[in-house]
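Got a structure for you, written out below as structure tokens; questions coming shortly.
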Amino acid sequence: MTEEFTAKQQVQKREQYSKWINRSVGVGVVSFFLAMTIWTVTKEQLVLFTGLGLYWLGAIGMWIGYWYSPVSLRDEFEQHMEWEASQAVSAFIAAVSIIGIPADVVLSTTGVYTAPAAIRGALWGYLLLVFIFGAAHWYVKRQYE
Amino acid sequence: MKNEIDVYRERAGLSQGDLATAVGVSRQTINAVERDRYDPSLELAFKLAAYFDCRIEELFDPDIEPVGE
């Protein structure tokens, strides 16, 4: 990670590792869907498990690519765009949690309306994400102190 | 932030892709910087200034009020 590269080498490494990662994920995903397609015909469970295994291998390949890449796989502008998108998602999750969960509690407690289990699950799942975000934020903040 | 990157780049006869490769970022990054859509990091600003052999102030105009007494 501390290895020094010229700007050109950085771009080359970024492209090289991105290509490997994309291939790894691509093979994994295609294998999974292929296995599901074959399973609809054969009904052989082993096919499904093989597809799942290949999918996981693809995911592990992606992780290895990210971990061992000597340069950041996204340049600063791409990271900035991801940050903006993350902010939008965080704002959405926070808004839905803040508005939805108290409403769910009141409506279900009073018996006026009980939301479908999937909706309630999503709401409380979002709340969990808010807590995870808080924990992650606390951890990151500590790194700067 | 207003900047003169495109002027310096064209003067040097470079495409956005050429400049991007020279400073280690994507062509989209250079495009966004040139169009004032994205303010580059200090590191990238220094790299650009070093590449064009000029001062950062010659490339970027932060358009801010003077700070101090």
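Any read-out appearing in this document is the output of simple, stated calculations on the displayed coordinates, not a laboratory observation. Values in this document were obtained by computation on a predicted structure and should not be read as measured data. Cβ placement follows ideal geometry from the backbone for every residue including glycine, while neighbour counts extend to all protein chains displayed.
Tell me, A:His80, A:His137 in order of fewest to most beta-carbon neighbours within 10 Å?
By the 10 Å Cβ count, ascending, the order reads A:His137, A:His80.
Using Cα pairs closer than 8 Å and at least 6 residues apart in sequence, work out the relative contact order for chain A, in percent. Mind showing how you got there, number by number?
Numbers: 96 pairs, mean separation 32.8, N = 145.
Relative contact order comes out at 23 percent.
Further, regarding this structure: Using only alpha-carbon positions, what ratio does the radius of gyration of region A:7-68 give when scaled by 2.2 N^0.38 Å?
1.41
Something else: If each of A:Val96 and A:Val130 carries a label point 7 Å out from its Cα toward its Cβ, how far apart are those two points in nm?
Each label point lies 7 Å from its Cα, and together they span 1.3 nm.
Near the amide H of B:Asn3, under 5 Å away, which other amide H atoms are found, from residues 5 or more places off or on another chain, if H is placed in the peptide plane?
B:Asp61
Quote the charge dipole size of chain B about the Cα centre in Debye, to the nearest 20; the model charges only the Cβ of Lys and Arg (+1) and of Asp and Glu (-1).
Working: 8 positive and 15 negative charges, 89 e Å.
Rounded to the nearest 20 debye, it is 420 debye.
So between A:Ile38 and A:Glu82, what do we pick up on full extension, going 0.36 nm a residue minus the alpha carbon distance?
Working: separation 44, 0.36 × 44 = 15.84 nm, distance 3.64 nm.
That pair, A:Ile38 and A:Glu82, stretches by 12.2 nm at full extension.
Only Lys, Arg, Asp and Glu count, each charged at its Cβ (+1, +1, -1, -1), so figure out the dipole size of the protein assembly as shown about its Cα centre, rounded to 20 debye.
On the way: 18 positive and 26 negative charges, 262 e Å.
For the protein assembly as shown, the charge dipole is close to 1260 debye.
Give, in nm to one decimal, the length gained when the segment between A:Thr109 and A:His137 is fully stretched (0.36 nm per residue of separation minus the Cα-Cα distance).
Details: separation 28, 0.36 × 28 = 10.08 nm, distance 3.27 nm.
The span from A:Thr109 to A:His137 would gain 6.8 nm if fully extended.
With the cut-off at 1.5 for a/c, could you classify region A:1-114 from its C-alpha gyration tensor as rounded, prolate or oblate?
Numbers: a/c = 3.86, a/b = 1.25, b/c = 3.08.
Judged from the Cα gyration tensor, region A:1-114 comes out oblate (a/c at least 1.5, b/c at or above a/b).
Still on this structure, please answer the following. Hey, rough spin-label estimate for A:Arg120 and B:Cys54, points 7 angstrom out along Cα→Cβ, what's it come to in nanometres?
So the two model labels end up 6.5 nm from each other.
Would you work out if chain B is rounded, prolate or oblate? Take a ≥ b ≥ c from the square roots of the eigenvalues of the alpha-carbon gyration tensor; rounded if a/c is under 1.5, else prolate when a/b is larger than b/c, oblate otherwise. Mind dumping the intermediate values first?
Working: a/c = 1.96, a/b = 1.73, b/c = 1.13.
Prolate shape, in that a/c is at least 1.5 and a/b is the bigger ratio.
Classify the protein assembly as shown as rounded, prolate or oblate from the Cα gyration tensor: take a ≥ b ≥ c as the square roots of its eigenvalues, call it rounded if a/c is under 1.5, otherwise prolate when a/b beats b/c and oblate if not.
Numbers: a/c = 2.78, a/b = 1.40, b/c = 1.98.
Taking the square roots of the gyration eigenvalues as a ≥ b ≥ c, the protein assembly as shown is oblate.
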